[in-house]
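The block underneath contains the structure these notes are about, expressed in structure tokens.
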Amino acid sequence: MSVFRNRIILSKLCCLLSLFLLVSTFPVFSAPQGTGEKIPTNYEIITQVSSEAIDELISNMPSLERNSLILLTKSRGPGNIEFVFQNTLLKKMTGRGLRVAEKRPEEEGEGDGPDYELTYQIIRLTLKYPKINRSYWIGAKEVDRLSEIGVFAQLADLSTGDIVWVGDTQKKYQDRIAYAMLDQVEDPQHDFTRPPRKELRWSKLIEPVIVTGIVSGLVYLFFSNQTSEE
């Protein structure tokens with residue numbers, strides 16, 4: 001008889017332990033998971049892909065003498081986001097000892113005019129959230145980030161009018177971060193760092209139903225086991 005009673009007690013304890021583990025696990029699933037590494041902001045990501053594209057373009061360009069004056073001409077761009085690329089380009093070129101101008105001098109004396117003209121066209125420069133979802137319905141909500149750039153450029157020798165180089169490049173960055181970190185990586189002063197958040201709203205209705213079903217099932221097993229053992 002004591003063994004029978006012990007089996008009842010053990011059964012009850014197992015059911016209660018299952019409920020406790022289920023409830024205590026929810027905060028773990030819903031909390032953002034991190035590796036301790038610094039998460040780049042959206043602005044930094046755009047700067048990074050721009051920098052990688054510029055490095056490739058410059059490395060493929062013919063070698064230019066230091067102090068050469070380069071006239072930068074933008075053929076086309078996608079809007080405000082292009083200033084990130086433009087500022088990074090200026091920094092890279094001046095860092096190589098080149099002089100850069102964005103417009104011709106009003107009065108050009110001998111030797112004062114630009115030596116080359118670098119014309120560039122930003123075909124694509126975007127930052128998106130392709131996917132926002134949860135892992136296993138009750139996991140932490142996560143966001144996929146994707147930034148892409150495509151640039152076409154050509155270099156002309158203004159002393160002869162010859163196009164001496166043509167090149168293009170495409171770069172990409174993608175990662176996944178916790179949804180709770182979006183406010184930290186977005187910049188309210190720059191709209192291009194805050195892409196639309198396309199979420200599956202219907203999941204908010206399904207998740208509570210699944211969780212309620214699991215809890216209800218465990219409670220039912222607990223009481224049905226208690227009745228059958230008695």
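Table for the structure above
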item: The range 62-81 residues that are over 12 Å from residue 116 (Cβ atoms) and in the same structural domain as residue 154 (by TED's automatic domain parsing), paired with ones that are polar (S, T, N, Q) and surrounded by fewer than 11 Cβ atoms within 10 Å (Cβ to Cβ) (beta carbon under 7 Å, 6 or more apart); result: none
item: Members of the range 166-177 found to be within 20 Å of residue 51 (Cα to Cα), buried (at least 16 other Cβ atoms within 10 Å of the Cβ) and not charged (D, E, K, R), listed by number; result: 167, 169, 173
item: Residue match in the range 34-50 (condition: over 25 Å from residue 182 (Cα atoms) and either surrounded by 15 or more Cβ atoms within 10 Å (Cβ to Cβ) or at pLDDT below 90 (or both)); result: no
item: Matching residues in the range 127-169 - criterion: being modelled with pLDDT under 95, farther than 18 Å from residue 185 by Cβ, touching an Asp or Glu at 6+ places or on another chain (Cβ under 9 Å) and β-branched (Val, Ile, Thr); result: 138
item: Index of the failed condition, residue 113 passing every other in (1) touching a strand residue (DSSP E or B) at 6+ places or on another chain (Cβ under 6 Å); (2) modelled with pLDDT under 95; (3) surrounded by 12 or more Cβ atoms within 10 Å (Cβ to Cβ); result: (1)
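The values are calculated or read from the model by the stated rules, or taken from the named source; none is laboratory data. In this text the structure is predicted, and so the values were computed from the model without any measurement. As a convention, Cβ positions derive from the backbone with ideal geometry for all residues, glycine included, and neighbour counts pool all protein chains shown.
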